[in-house]
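Down below is the structure, laid out as structure tokens.
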2 protein chains.
Amino acid sequence: MDKPVEKPHEAIAALLADDLGAVNALIRERMASRHAPRIPEVTAHLVEAGGKRIRPMLTLAAARLCGYDGPYHIHLAATVEFIHTATLLHDDVVDESAQRRGRPTANLLWDNKSSVLVGDYLFARAFQLMVEPGNLRVLSILSDAAATIAEGEVLQLSAAQDLKTTEETYLQVIRGKTAALFSAATEAGGEIAGASPAQVRALFDYGDALGIAFQMADDLLDWTGKTDSTGKNVGDDFRERKLTLPLIRAVAAADDEERAFWTRTIEKGRQNDEDLATARELLDRHGALGSTRETALDWADRAKSALTHLPDHDLTAHLSDLADYVVERLR
Amino acid sequence: MDKPVEKPHEAIAALLADDLGAVNALIRERMASRHAPRIPEVTAHLVEAGGKRIRPMLTLAAARLCGYDGPYHIHLAATVEFIHTATLLHDDVVDESAQRRGRPTANLLWDNKSSVLVGDYLFARAFQLMVEPGNLRVLSILSDAAATIAEGEVLQLSAAQDLKTTEETYLQVIRGKTAALFSAATEAGGEIAGASPAQVRALFDYGDALGIAFQMADDLLDWTGKTDSTGKNVGDDFRERKLTLPLIRAVAAADDEERAFWTRTIEKGRQNDEDLATARELLDRHGALGSTRETALDWADRAKSALTHLPDHDLTAHLSDLADYVVERLR
């Protein structure tokens with residue numbers, strides 16, 4: 001049988017197999033709790049369930065392609081994955097309560113409690129891990145990222161259902177919820193390797209642009225009919241009244257009648273069965289889907305451009321392919 | 001008019017008035033969010049509402065009585081208050097959902113979202129603040145405390161309603177939920193001041209014992225009839241089926257009939273109006289209230305003993321009074 005064509009993240013994982021093994025071992029070790037066995041129970045399905053480990057891989061790749069030969073990229077990669085897992089647990093609480101429109105079950109609430117507290121535990125474990133390399137610059141990068149993530153999540157909450165949301169606010173939200181951890185992952189990897197300021201900057205730019213492209217692609221796919229990488233259904237953002245880039249652009253171009261439609265469906269939340277199809281038509285009418293696609297592809301190109309400032313290395317080529325891969329679904 | 005007798009924390013606040021002013025200014029500065037104005041809205045009532053600032057005061061006092069003359073005890077005191085505020089926000093989510101027994105309002109859930117995310121923001125801001133002094137030992141102390149706090153909260157969740165809960169587990173829970181931040185506050189203050197290992201150890205022991213005495217007193221007052229410092233009502237722990245020290249001791253001494261009562265009311269949660277009075281009788285019968293009081297007073301004495309290893313200073317005397325003060329309500 002022919003071997004199927006390797007995806008870029010699989011190629012990176014193959015090159016970094018030993019490092020990734022060490023990261024997984026460290027994650028299992030630090031996820032444990034001597035006193036509270038519920039902690040590994042709650043996290044196991046998230047940490048063990050074979051996610052693609054994109055974020056820790058970015059840290060490992062950044063450190064390696066800058067020539068790092070020490071042990072601490074492993075700690076930083078595990079840190080990044082812990083922060084990611086903690087935010088997933090807390091997102092569950094925030095998003096599930098939205099989906100159920102104020103009518104959760106007691107069982108859901110029990111899960112919420114564990115999700116909140118176990119998420120806090122993973123945040124704390126992440127901070128313990130990031131202290132161990134003893135690199136203050138890395139500590140700033142990662143603690144700044146944690147603040148940007150939380151700020152972006154709160155901003156998303158207050159921007160929801162608000163037709164005045166601008167493209168600038170949208171960019172801030174997705175930088176927070178997605179790109180900040182990507183860029184901190186790559187930047188911290190370069191910093192621990194002692195890369196030059198220009199290289200560290202390029203690594204930040206790559207992670208930032210990659211994260212933005214990735215999230216924009218997800219937000220576009222929420223409108224264009226395939227189930228996206230997070231397993232959401234088409235139209236979820238419309239039903240949850242989230243203002244993502246396609247919608248923001250359609251609202252900006254809306255005439256009076258269209259604006260009344262958006263006010264009813266998004267601001268007031270009065271939606272009926274035909275509204276999703278109408279919304280989709282309005283987006284098409286103003287070219288909002290096509291232009292969002294162009295913007296996402298542009299961010300992927302920016303990610304690739306950033307890589308030109310980095311050492312020539314197998315990993316660099318695969319990171320370039322990864323930028324193409326996150327928007328490939330849009331082509 | 002005669003000036004009323006000063007309480008120990010008021011005496012400490014008076015001695016540290018300039019430092020506390022600087023802490024409050026730093027808290028206001030760092031609580032702000034350029035991008036998400038909801039953050040200061042949510043935190044304002046917690047941070048501004050004139051709590052006693054016991055925890056940051058412990059950090060300031062520890063640093064000062066060890067002769068510290070630099071600027072960074074302010075950052076660490078603000079860190080400690082941010083961690084405290086973040087845990088309060090998350091406790092709200094966990095405790096409110098319990099009180100309403102699975103029937104929260106949409107409004108409550110909206111608050112829950114903000115509480116989870118703004119709590120995360122404050123945790124991240126706390127970590128940014130603690131990085132600034134550039135002291136790795138302090139970073140270990142505070143990130144370890146954050147993990148112990150979260151672990152204690154999860155342990156409390158899984159120990160609830162479990163009649164097999166031991167005194168050892170109870171001590172672990174209250175160390176996590178209360179004492180860990182007290183002891184990290186004093187230890188970090190000593191460490192930033194460059195105190196000797198013996199002094200740092202004594203500061204840890206003081207904070208640890210003070211926190212344990214404080215929490216035990218609260219848990220006892222939940223049974224003995226006065227509203228406690230957190231504004232809970234008498235019997236709340238019984239109704240919420242929380243196993244605190246008095247109950248653990250009564251269960252350990254229970255005969256078969258008493259055990260059946262505890263199994264029904266605590267494990268199965270079938271309670272009627274007379275049960276609180278019966279429970280209180282069973283606690284009295286086995287001397288569980290008196291013995292818990294003795295244990296709490298003993299921890300206050302341990303806190304005072306730890307202070308004998310520290311420099312003679314006005315602050316040391318007031319810290320000793322503070323240990324008496326947290327259990328004074330029991331005398």
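The table below lists the values:
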| quantity | calculated |
| --- | --- |
| Subset of the stretch B:56-74 that is within 16 Å of the chain's Cα centre (by Cα) and not hydrophobic (A, V, I, L, M, F, W, C) - its residue that is surrounded by the fewest Cβ atoms within 10 Å (Cβ to Cβ) | B:P56 |
| Residues that are among the basic types (K, R) and surrounded by 17 or more Cβ atoms within 10 Å (Cβ to Cβ), drawn from the stretch A:303-331 | A:K304 |
| Matching helices (runs of 4 or more DSSP H) fully within the stretch A:176-277 where at least 2 residues are surrounded by fewer than 16 Cβ atoms within 10 Å (Cβ to Cβ) and without any contact (Cβ under 8 Å) to a residue 24 or more places away in the chain | A:256-262 |
| Selection status of A:P4, at pLDDT below 95, surrounded by fewer than 18 Cβ atoms within 10 Å (Cβ to Cβ) and outside any loop (DSSP other than H, G, I, E, B) | no |
| Given (1) more than 20 Å from the chain's Cα centre (by Cα); (2) within 30 Å of A:P37 (Cβ to Cβ); (3) within 7 Å of another protein chain (Cβ to nearest Cβ); (4) not aromatic (F, W, Y), number of the condition A:E153 does not satisfy | (1) |
| In the stretch B:156-175, residue nearest to the other protein chains (Cβ to nearest Cβ) [restricted to those that are assigned to a helix (DSSP H, G or I) and of a type in the set (G, A, S)] | B:S158 |
| All positions within the stretch B:282-311 that are assigned to a helix (DSSP H, G or I) and more than 22 Å from the chain's Cα centre (by Cα) | B:L282, B:L283, B:D284, B:R285, B:A288, B:G290 |
| Hits in the stretch A:53-92 (condition: more than 19 Å from A:L142 (Cα to Cα) and free of Cβ contacts under 8 Å to residues at least 24 places away in the same chain) | A:D69, A:D92 |
| The stretch B:15-52, residues that are out of contact with any helix residue (DSSP H, G or I) (no Cβ under 6 Å at 6 or more places or on another chain), assigned to a loop (DSSP other than H, G, I, E, B) and either at pLDDT 90 or above or charged (D, E, K, R) (or both) | B:R34, B:E48 |
| Residue, modelled with the lowest pLDDT, within the stretch B:106-148, restricted to residues that are surrounded by fewer than 21 Cβ atoms within 10 Å (Cβ to Cβ), more than 7 Å from chain A (Cβ to nearest Cβ) and in a helix (DSSP H, G or I) | B:N107 |
| Hey, B:A77 in a helix (DSSP H, G or I), at pLDDT below 95 and either among the small types (G, A, S) or under 19 Å from the mean Cα position of the chain (by Cα) (or both) or not | no |
| Residue match in the stretch A:312-328 (condition: part of a loop (DSSP other than H, G, I, E, B) and at pLDDT below 95) | yes |
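The values are calculated or read from the model by the stated rules, or taken from the named source; none is laboratory data. None of these values were measured; they are calculated from a predicted model. All Cβ positions, even for glycine, are placed from backbone atoms using ideal geometry, and neighbour counts span all protein chains on display.
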